[in-house]
Number of protein chains: 2
Amino acid sequence: MNTPAMSSPKGRLFLVPAPLDFMCDTQAPLPQVMPEGSLLIAAQLSHWVCENAKSTRALLKRIAVVHPLACVLQDQRIVELPLQVHKKGDHAAGLDTSGLLAPALQGHDMGLVSEAGMPAVADPGSSLVRAAHDAGVEVIPLVGPCSLLLALAASGLNGQQFAFQGYLPQDAAQRAQRIQSLEKHALKTGETQIFIETPYRNQALLTALLGSLQDNTRLCLAADVSLAKMKIHSLKVADWKKKGQVPDKHSPVVFAFGP
Amino acid sequence: MNTPAMSSPKGRLFLVPAPLDFMCDTQAPLPQVMPEGSLLIAAQLSHWVCENAKSTRALLKRIAVVHPLACVLQDQRIVELPLQVHKKGDHAAGLDTSGLLAPALQGHDMGLVSEAGMPAVADPGSSLVRAAHDAGVEVIPLVGPCSLLLALAASGLNGQQFAFQGYLPQDAAQRAQRIQSLEKHALKTGETQIFIETPYRNQALLTALLGSLQDNTRLCLAADVSLAKMKIHSLKVADWKKKGQVPDKHSPVVFAFGP
């Protein structure tokens, strides 16, 4: 995987992680959170499938600071995943994204990238990865930041059994019911429950969690993971009620709870 | 998080990922899979809690090639997590590991490290992380490789909802029952099921999966993730039966399936 030379006539699909600071005013140099190995490979690619073309160009500009790109920004082929994939999720949308693999079938290595973190994890892209396997295109994930994983490790919750639930329902009654059902499952099995929320609803979700969870359940809020302003708090619900801090409405937060 | 200067009288607990090649004869340089930011911080630490002291010393020797260590290997304080934590899992063991945090309470930054990958994820250590939160010791996860996450991203399975199940039962009847119950849940909810096995049982687990799963279910085997010899195959069960490759009995494999 380390050499850019092609061993088969087909190109490969590299999963290129992106730093988690794409919304921030100040950004640390990429080597802070991206291995040299990942940056070198990303710099050699010039065919991209992405969540958002603008943020992909911004990422390429940051990579160019560290390593010269294979070609200038204007010549990079950057194609966005179809909108349906974003809205419904890759497999629920039932879309065929195999057409996006044309460059790989013509022998070009390609990169899949999302706005932040690992593509195809809590982000669109898995339909393209699936199409790559089906087309015999080798899939190579590169190491980089992933907020879910960093949050789980830092939560003090069970990391030997866990589930990522995506977003909880927005309707208050449905959300409370879902929280209680997940908590029941977590207390029975020991499985850590992980989920995310749109930042401006962080506060509402925390209120809902404190209103629904049992006092003895441990709740972790991991905000701005991997950034300089990162804050990770893991407390029992009873202690959150006493001294918990309200998450910022602009910060991406990973929520997790369990026994 | 970037500066080694202490902002409080307490030290911090850094979660230091390790490369996934600790069992390999040939090892790539650490910058291949570890960000400069993580390596710089790890090099500055001299108090460690770990899964295995020998592999921690081996990791420190590899870090020393890239950055000078805070002190020579002989002076590094390396303490292993208690054996019960390994055997039963951190929270099932019900152990109090807070005593291991003594250096942090005295003002020393500490590192938690496992043999491979992210500590406290599919590996021991979460009881120490929990104790750190309870003692007011700041917990800072560093970016690095994690086989579960890389395998999930590269599987083409649903990355917006997934569960890590740890190990499946060894008893054949119980294992078949568990596989079928997980598949039923996966097909109903769309949740990807992820699990691991001891390498010498890879072949037996694959046989059990092919014997229990439905032909239309997609099964991914991700072997030697992040290494040069990495092999990731994602096929429907019917295709595994026709052309699937038997995993090597020495390779760590992440298994995943879903609709």
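Tell me the residue from A:197, A:191 that is within 11 Å of chain B (Cβ to nearest Cβ), crowded, with 20+ Cβ neighbours inside 10 Å and out of contact with any Ser or Thr (no Cβ under 9 Å at 6 or more places or on another chain), please. A:191 is the lone residue from the list that is within 11 Å of chain B (Cβ to nearest Cβ), crowded, with 20+ Cβ neighbours inside 10 Å and out of contact with any Ser or Thr (no Cβ under 9 Å at 6 or more places or on another chain).
Here the stretch A:239-256 is the region considered, the condition is being within 13 Å of chain B (Cβ to nearest Cβ) and modelled with pLDDT of 95 or more, and the residue that is surrounded by the most Cβ atoms within 10 Å (Cβ to Cβ) is A:256. When the residues of the stretch B:26-39 are filtered to those that are surrounded by fewer than 18 Cβ atoms within 10 Å (Cβ to Cβ) and not β-branched (Val, Ile, Thr), the one that is farthest from the other protein chains (Cβ to nearest Cβ) is B:27.
The set of residues in the stretch B:230-259 that are without any contact (Cβ under 8 Å) to a residue 12 or more places away in the chain and within 23 Å of residue B:122 (Cα to Cα) contains only B:230.
Screening the candidates B:111, B:107 for the property of being of a type in the set (Gly, Ala, Ser) and part of a strand (DSSP E or B) yields one hit, B:111. The set of residues in the stretch B:119-177 being of a type in the set (D, E, K, R), more than 19 Å from residue B:206 (Cβ to Cβ) and either outside any loop (DSSP other than H, G, I, E, B) or in contact with a Phe, Trp or Tyr (Cβ under 9 Å, 6 or more places away or on another chain) (or both) consists of B:130, B:134.
Exactly one residue out of A:161, A:165, A:170, A:193 is at pLDDT below 95 and within 24 Å of the chain's Cα centre (by Cα), and it is A:170. Here residue B:130 meets the list (1) of a type in the set (D, E, K, R); (2) crowded, with 23+ Cβ neighbours inside 10 Å; (3) more than 7 Å from chain A (Cβ to nearest Cβ) almost entirely, failing just condition (3). Number of residues in the stretch A:64-84 that are touching a strand residue (DSSP E or B) at 6+ places or on another chain (Cβ under 8 Å) and more than 28 Å from residue A:126 (Cβ to Cβ) equals 0.
Being more than 14 Å from residue A:122 (Cα to Cα) and within 10 Å of another protein chain (Cβ to nearest Cβ) is a condition met by at least one residue of the stretch A:161-179. When we screen A:64, A:70, A:28 for residues that are in a helix (DSSP H, G or I) and not assigned by TED's automatic domain parsing to the domain that holds residue A:199, the only hit is A:64.
Answer yes or no as to whether residue B:253 is closer than 27 Å to residue B:24 by Cβ and in contact with a Pro (Cβ under 7 Å, 6 or more places away or on another chain). Yes: the conditions hold for residue B:253. Go through the residues of the stretch B:216-229 one by one and say whether even a single one is in a loop (DSSP other than H, G, I, E, B), facing chain A (nearest Cβ under 9 Å) and among the β-branched types (Val, Ile, Thr). Scanning the stretch B:216-229, I find at least one residue that is in a loop (DSSP other than H, G, I, E, B), facing chain A (nearest Cβ under 9 Å) and among the β-branched types (Val, Ile, Thr), so the answer is yes.
The values are calculated or read from the model by the stated rules, or taken from the named source; none is laboratory data. This one's a predicted model, so the numbers in the text were calculated from it and none came from an experiment. Using ideal geometry, Cβ is built from the backbone for each residue, glycine included, and neighbour counts are taken over all protein chains shown.
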